[in-house]
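Notes for the one structure printed next.
The values are calculated or read from the model by the stated rules, or taken from the named source; none is laboratory data. Everything numeric in this text was worked out from a predicted model, so none of it was measured. Ideal geometry is used to build each Cβ from the backbone, glycine not excepted, and the neighbour counts take in all protein chains shown.
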Amino acid sequence: MVASAYTPQDEDKAIWVYLEHDADQLEDVSKELLGKGRQMADELGWKLAGLLIGHQVEPLVEQAFSYRVDQVWMVEHVLLKDFSIEGFTQAAYQALLQAKPSVFLLGATPNARDLAGRLAVRLRTGLNADCTDLRMVAENGVLVSEVSGFGGGVLALIQMAEHRPQMATVRPGVFPLPEPVAGFVGECITVGVNLQPGDIHTQILERQVGEGMDLSRAEVLVAGGRGVEGDFAMLFELARLLKGEVGATRPPVDEGHIERERQVGQTGVVCSPKIAICCGISGAFHFVVGIEKADMVIAINTDPQAPIFDYADYCIVGDVHQVLPALIAELRRSMEVVHA
Amino acid sequence: MPELHSVVCVKVVPKPEEVRVDEQTHSLVRAQVRSEINPPDMNAMEMALGLKDRYGGTVSILSMGPPLFEPYLRAALAMGADHIYLLSDPAFAGADTLATTYTLSLGVRKIGAVDLVFCGEESSDGATGQVPAGLAEWLDLPQLSLLTHIDLNLQERLAHGRRELKGGYEIVRATLPCVVSVKTAANEPRFIDYAIKDWAFGEGRITVWGHEALGAELALIGLAGSPTRVTGLAEAQTRHRRREFIDGDPQHIAHRLAQLLRDNN
Amino acid sequence: MSDQILELDEATWERMLQLTHGAVAECFQCGVCTAACPWGEVRQEPLSVRTLIRRAQLGIGHDNHTLWLCTSCAQCAAYCPRGVDINQVMRALRLLAWERRQVEKGLPAVLWSLYWNDNPWQQPPSQRMAWANDLNLPKFDPQVHEVLLYIGCTSSYDRRAQQVARALVRLLRGAGVSFGVLGEAEPCCGESALSLGHLYYFRDLAREALQVFAEHGVHKLIAISPHCWYAFTQAYPALDEKVAFEAMHYTQYLHELVQAGRLAFRAGGTRSVTFQDPCYLGRLSGEYHAPRQVLKAIPGTNLVEMEAHGVDALCCGGGGGRMWLETPAGERFSDLRIPQAQHAGAEVLVTACPFCLICLEDSAKTARAATLKVIDLAEYACLALEEAPSSE
C-alpha cells in the first residue's frame, strides 16, 4: 500500500475547507462547507480552517472569519491572480504539507474538482467525490462520506483509515448556506509558494461569466418540457412571481426554445429546490434524477398515465396552457391584496 | 511534423438502470447486468475523432478492465479509431481513483508519443469525475477540463478549448501534450463506420498489458493501491411522494396550487 | 443565377444505381411525386422529390434537411407513372448521408440506442416486459402455441401504445388463441434503422432477429405494428434473408379469427367510425381489406370513409424515421387528418399502427376535437368483446 505524504499520526486535528472565490466573493459552496465543517469540528473539538489561494485576497480573509473559521491559511503570489491548475495545486500542496490537516473539503465545482483530483494524487491520498453527506466518527477522527453512483441509484459509504488528508468534494447546495456572523476573528497564517511562470502551462484567454443563474441553487424551479410547446414566457413569468428559476427538459433545449444551461436532469443540472413545478414533462428517468431532491414536486401534464405523476406530490391532469395562466393570475391577485 | 496521436480513455460500465445491490454482501450484483460504454467516454471518442478528421493522425483507445470489455471497445474502435490498448490483470481489480489513474498513466506512457489524452467528464457508475485530473497529475501534464469544443495549433503545439461554466464560458489554452476532459453530451457520438466495421471486430488491433508489461509497482495498483474503502452499499430509496391528484377547472386548480405554494415557500 | 459549375459525381451515380437496383434511372422527371407529397399541404414550399431524384441522377449533393423530411409514405410512388420505388431511392440517399456523416441531429443516438438497448427509444432493455407485469404472458413454446405475439419496441415502451398490446392480449384470450411471447428476448425488427437509411446496420439487425426467431422455433408471428410486419414480410426478403416463419399483421389475424368464428362481438351503441389506413399496412403492403372486415364485424359500427382513404390515405407523419425527429407544430400531417375524419362524419377515428395512434391522438388534442375519439382497432374491438376472457 502506498503511503500518503503524511500519516494519521502526523495529522493536525483540523478540518480544512478550500475557500474558492470569484470577483472578491467567497463561493457559496465554500460557505456551505464552512458551515458543515464548523459543525463537525465542534463535535470533535477540532479546529476549522480555510485555505485561501490567490493574489491580493486579504478582504476575503475577513469574509472567511464571518463563517467562524479558527484559521485562514493564505497562499499569496502574483501568479495566483487567476486560477491555474498548476499554480493552485502547487500552492495547496505546499500549504497542506506544512499544516497537515486531517480533513480537506472542497466544493465539487469545475475548477475545485480538478484541484482536488490533482492534489489527491500528489499527496497519495484518497478522495471521495461528489459526496451527498459527510460525518466524522468521534472515536477515531475518520471522515465517512456518503456518495451516490449509478445515476443516484446506489448509495455508498466510503472512508480511508490510513491516508491523510481525508479529502472530499461536495456539490453546491448539498449543505445549507450558513448566515455570516459579525465579530468573529481568527488567525491568519501566510504560506509561501515556489512558483515560476514556467510552471504554468494553461491559460484562460477569454472569460464570460453568465448572469449568475445557477439552477442548482434555485429554491423554486419551474421546469418545462415538450408539453409547453416552446411557450417558456409563461414559465418565466411564473418563476418571477415565485422568485424561482426556469428549467427545461432536453427536447425544448434541442429545439432551441431555451438555452442548454437550463436543462435539468442526468445530463444537465441536478437541482434540490423547495418546490419543483414540472410543466408538460412526461417524467423520463433521466429528467427525474434532476428534481428528485425537491421538497415538493407539482406536475402538470395532459396524460393521466405520464410517469411524472409517480414522482410528484401534487398531480394535475391538465393543459399547462390553461393551468399556468390561471395560476399566474391567481398569484398576481393575491400579491395585489398583500400590497394593498 | 509527426502525426497527431490522441489517446481516449474508455470505461465499460453497467447500465445504470440495471444495477442492483446485494443486501447481504453490500456489493453490486454484476451477473447478467447489461453494460455499455460510459456515455461521456463516447463524447470523448467523438471529440478525438473530430480532431482526426481535421488534422489527421491516429486515435488509440485505452481502457482498464477485464477481457469482457473487448466487444465494447471494438464498437468504439469501429467509430474510427486505430488501436485498442486494454490494461487487464486481476491485480488491477478493486482500484479506486488513485490506483486507476496510476495504472492508466502507465498505459499512456507505454503507448508513447501521445499529444492528447481524452477522458469523459465522469463515469456513470462511480461518477467521481477525478480521473482526468488524477491522470494529468501522474503524467505531469497540463489539463483542460469540461471542454465542449477544441482546436489545435500544431505548429505552436497548443490546444484551445471552450468550457461552459457558471452560465458563461471560458476559452482556455494549454501546451501539448495535455489531458482533456470532455463535457457530457458536448457532441453527438458518430455511429459505427461500416467501412471499417468488419476490420474493427475482426483483425482490429487490441494489445493487452498486465501489471508486469506496464512495470507497475504492486503497492500502487488495485485494491492495495486504493486508500479509500467502501464500508456500506445500498440501493437508494426513492423518495416517497404523495401522488395526490388535484381535480377541477383551471381556476380551482390555480387556487389550490397558490395555496400550496404559499404554505411551502 | 450564378455561374456555378457543378461537379457530376459518376461514382455516386453508380452507387445509387446499384443500391436502388436501377430504380433511380427510371425517373423521367415528370414531377407528379412532388405534387403528391403531403409536405406540400403543410408548407409553402413542397418537398421536391423530383429535385432530390434529379440530383441523385447527376450524382451531386442535396440539401440534407429535405432528405430527412420524407416519411416514406410512398404516396409519390403510388402515383408515379413509371413505378419508381421512391422509398428505395430515399433510403439509398440516406445511406450515403450516413457514410458522409451528414445526418440530422439526434439520429446517431437512435442507432446507438438500438445497439446498446435493443430498441430505438433509449429505454432500458430490462423494462421491455414491464407493460405486461400483471398479465402472466407465457414464454413462447412452438410445441404448444399457435402463434407468437410479437409486441415490437413501440408497444413495449410507449405508454399509449402499450394499451394496444394489452387490448390485443385480451382479444387473443377471448378467442381462445394459444399464444406466447419472447419476453425480454424479443429482438427489435430493425425497421427504424431501415427507415433512417442505414441499410447495412438494418441488415445486421435483421440477421440477429432472424436468429432469435429461429432459436425459439417461431413458425407464425403476429405483429402489432405494420412497420415490424413490413420488415418481416418485405424488407427482410429484399435482403435475400430467408424468413422461416409466416408473419401477419394483427388486423389480418383478427379477421381470420372472426371468419373462423373464434371471435365474436356483442352489440353496443351505434357509432360512425372511419379508418386511417396506416401507410405500411395499406399503401406499402396492399392490405386495406382485413381491418375493415374486422370493423364491420363489430355490431353498431357505421363505417364511413374519409375522402382520402385506401391508396390515397394521408400519412400520419410518423414513418421514415420521423418519430425520432421533431416536426414543428403547424407542419404535422396528422393535424390535417382530424378535420378530414370529422368531415366524413366520424365520431371515432380507428387506426392500426402505434405511430398513427400517437400522432393522430396528439393532433386531436391539439385541435381540441372533443367529438372525435382516436383509438386503435384492437382497443375498439376489445370494447365489444362478448365476455370477459379467462386468463391463462
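The residue list A:173, A:224, A:192 contains one member that is in contact with a strand residue (DSSP E or B) (Cβ under 9 Å, 6 or more places away or on another chain), in contact (Cβ under 8 Å) with a residue 24 or more places away in the chain and crowded, with 20+ Cβ neighbours inside 10 Å, which is A:224.
Restricting to segment B:63-110, and then to whatever is of a type in the set (Asp, Glu) and within 22 Å of residue B:39 (Cα to Cα), can you tell me which residue is nearest to the other protein chains (Cβ to nearest Cβ)?
The qualifying residue nearest to the other protein chains (Cβ to nearest Cβ) is B:96.
Of the strands (runs of 3 or more DSSP E) lying entirely inside segment B:28-98, those containing at least 1 residues that are farther than 24 Å from residue B:145 by Cα span B:35-37, B:83-87.
So that you can scan it fast, the table gives a plain yes or no per residue for (1) buried (at least 24 other Cβ atoms within 10 Å of the Cβ); (2) more than 7 Å from chain A (Cβ to nearest Cβ); (3) in a helix (DSSP H, G or I):
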{"site": "B:114", "(1), (2), (3)": "no, yes, no"}
{"site": "B:135", "(1), (2), (3)": "yes, yes, yes"}
{"site": "B:160", "(1), (2), (3)": "no, yes, no"}
{"site": "B:170", "(1), (2), (3)": "no, no, no"}
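Would you call residue B:37 crowded, with 22+ Cβ neighbours inside 10 Å, of a type in the set (Val, Ile, Thr), more than 14 Å from chain A (Cβ to nearest Cβ) and touching a residue at least 40 places away in the same chain (Cβ under 8 Å)? So residue B:37 does not fit the description; no. Against the test of being in contact with a strand residue (DSSP E or B) (Cβ under 6 Å, 6 or more places away or on another chain), farther than 15 Å from residue A:48 by Cα, crowded, with 24+ Cβ neighbours inside 10 Å and modelled with pLDDT under 95, the options A:91, A:108, A:129, A:116 yield a single qualifying residue, A:129.
Let's see how each residue does on (1) touching a Leu at 6+ places or on another chain (Cβ under 8 Å); (2) of a type in the set (Ser, Thr, Tyr):
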{"position": "A:3", "(1), (2)": "no, no"}
{"position": "A:7", "(1), (2)": "no, yes"}
{"position": "A:17", "(1), (2)": "yes, no"}
{"position": "A:23", "(1), (2)": "no, no"}
{"position": "A:26", "(1), (2)": "yes, no"}
{"position": "A:30", "(1), (2)": "yes, yes"}
{"position": "A:36", "(1), (2)": "yes, no"}
{"position": "A:39", "(1), (2)": "no, no"}
{"position": "A:43", "(1), (2)": "no, no"}
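Of the strands (runs of 3 or more DSSP E) that lie entirely inside segment A:145-209, those containing 1 or more residues that are within 14 Å of chain B (Cβ to nearest Cβ) and in contact with a Ser or Thr (Cβ under 9 Å, 6 or more places away or on another chain) span A:154-159, A:166-170, A:202-208.
Got a sec? Which of B:125, B:151 is in contact (Cβ under 8 Å) with a residue 40 or more places away in the chain, outside any helix (DSSP H, G or I) and surrounded by fewer than 24 Cβ atoms within 10 Å (Cβ to Cβ)? Being in contact (Cβ under 8 Å) with a residue 40 or more places away in the chain, outside any helix (DSSP H, G or I) and surrounded by fewer than 24 Cβ atoms within 10 Å (Cβ to Cβ) holds for just one of B:125, B:151, which is B:125.
Taking the condition in contact with a Lys or Arg (Cβ under 6 Å, 6 or more places away or on another chain) and facing chain B (nearest Cβ under 8 Å), does residue A:295 pass? Yes; evaluated as a whole, the condition is true for this residue. Residue B:103 meets each of the listed conditions (1) of a type in the set (Ser, Thr, Tyr); (2) crowded, with 22+ Cβ neighbours inside 10 Å; (3) closer than 23 Å to residue B:203 by Cβ apart from (3).
Of the helices (runs of 4 or more DSSP H) lying entirely inside segment C:288-392, those containing at least 3 residues that are more than 27 Å from residue C:36 (Cα to Cα) span C:289-296, C:377-383. The listed residues are A:313, A:319, and the only one of them that is over 23 Å from residue C:123 (Cα atoms) and either more than 7 Å from every other protein chain (Cβ to nearest Cβ) or polar (S, T, N, Q) (or both) turns out to be A:319.
Restricting the search to segment A:133-144, which residues are surrounded by fewer than 17 Cβ atoms within 10 Å (Cβ to Cβ) and either within 14 Å of chain B (Cβ to nearest Cβ) or among the polar types (S, T, N, Q) (or both)? Answer for segment A:133-144, where residues must be surrounded by fewer than 17 Cβ atoms within 10 Å (Cβ to Cβ) and either within 14 Å of chain B (Cβ to nearest Cβ) or among the polar types (S, T, N, Q) (or both): A:133, A:135, A:137, A:140. The listed residues are A:336, A:237, A:330, and the only one of them that is touching a residue at least 24 places away in the same chain (Cβ under 8 Å) and not in a loop (DSSP other than H, G, I, E, B) turns out to be A:237. State whether the residues of segment A:39-56 include one that is in contact (Cβ under 8 Å) with a residue 12 or more places away in the chain, on the phi < 0 side of the Ramachandran plot, within 14 Å of another protein chain (Cβ to nearest Cβ) and not aromatic (Phe, Trp, Tyr). No, segment A:39-56 has no match at all. The helices (runs of 4 or more DSSP H) located wholly in segment C:11-119 that include 2 or more residues which are without any contact (Cβ under 8 Å) to a residue 24 or more places away in the chain and surrounded by 17 or more Cβ atoms within 10 Å (Cβ to Cβ) occupy C:49-58, C:107-117. Taking segment B:226-255 as the range and being surrounded by 15 or more Cβ atoms within 10 Å (Cβ to Cβ), hydrophobic (A, V, I, L, M, F, W, C) and free of Cβ contacts under 8 Å to residues at least 12 places away in the same chain as the test, the residues that pass are B:236, B:246, B:253, B:254. Within segment B:172-208, the set of residues being crowded, with 21+ Cβ neighbours inside 10 Å, farther than 28 Å from residue C:200 by Cβ and either of a type in the set (Gly, Ala, Ser) or more than 14 Å from chain A (Cβ to nearest Cβ) (or both) comprises B:174, B:181.
Give me the residue from segment B:256-265 that is exposed (fewer than 14 other Cβ atoms within 10 Å of the Cβ) and either more than 7 Å from every other protein chain (Cβ to nearest Cβ) or among the small types (Gly, Ala, Ser) (or both) and, out of that set, farthest from the chain's Cα centre (by Cα). So, considering only residues that are exposed (fewer than 14 other Cβ atoms within 10 Å of the Cβ) and either more than 7 Å from every other protein chain (Cβ to nearest Cβ) or among the small types (Gly, Ala, Ser) (or both), the one farthest from the chain's Cα centre (by Cα) is B:259. Quick check on segment A:27-56: of everything there that is among the acidic types (Asp, Glu) and in contact with a helix residue (DSSP H, G or I) (Cβ under 9 Å, 6 or more places away or on another chain), which residue is surrounded by the most Cβ atoms within 10 Å (Cβ to Cβ)? Once the filter is applied, the top-ranked residue is A:27. As a summary of the residue check, residue B:216 satisfies the conditions (1) touching a residue at least 24 places away in the same chain (Cβ under 8 Å); (2) more than 9 Å from every other protein chain (Cβ to nearest Cβ); (3) surrounded by fewer than 14 Cβ atoms within 10 Å (Cβ to Cβ) except for the one numbered (3). Name the residues in segment A:255-306 that are among the hydrophobic types (A, V, I, L, M, F, W, C) and in contact with a Leu (Cβ under 8 Å, 6 or more places away or on another chain), would you? A:264, A:269, A:271, A:275, A:276, A:277, A:279, A:291, A:294, A:296, A:298, A:300 - these are the residues of segment A:255-306 that are among the hydrophobic types (A, V, I, L, M, F, W, C) and in contact with a Leu (Cβ under 8 Å, 6 or more places away or on another chain).
Rundown of residues vs (1) closer than 17 Å to residue C:153 by Cα; (2) touching a residue at least 40 places away in the same chain (Cβ under 8 Å); (3) of a type outside the set (Phe, Trp, Tyr); (4) away from every other protein chain (no Cβ under 14 Å), yes/no style:
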residue: C:194; (1), (2), (3), (4): yes, yes, yes, yes
residue: C:198; (1), (2), (3), (4): no, yes, yes, no
residue: C:219; (1), (2), (3), (4): no, yes, yes, yes
residue: C:225; (1), (2), (3), (4): yes, yes, yes, yes
residue: C:235; (1), (2), (3), (4): no, yes, yes, yes
residue: C:241; (1), (2), (3), (4): no, no, yes, yes
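Within this structure, residue C:254 fails the test of being modelled with pLDDT of 95 or more and assigned to a loop (DSSP other than H, G, I, E, B).
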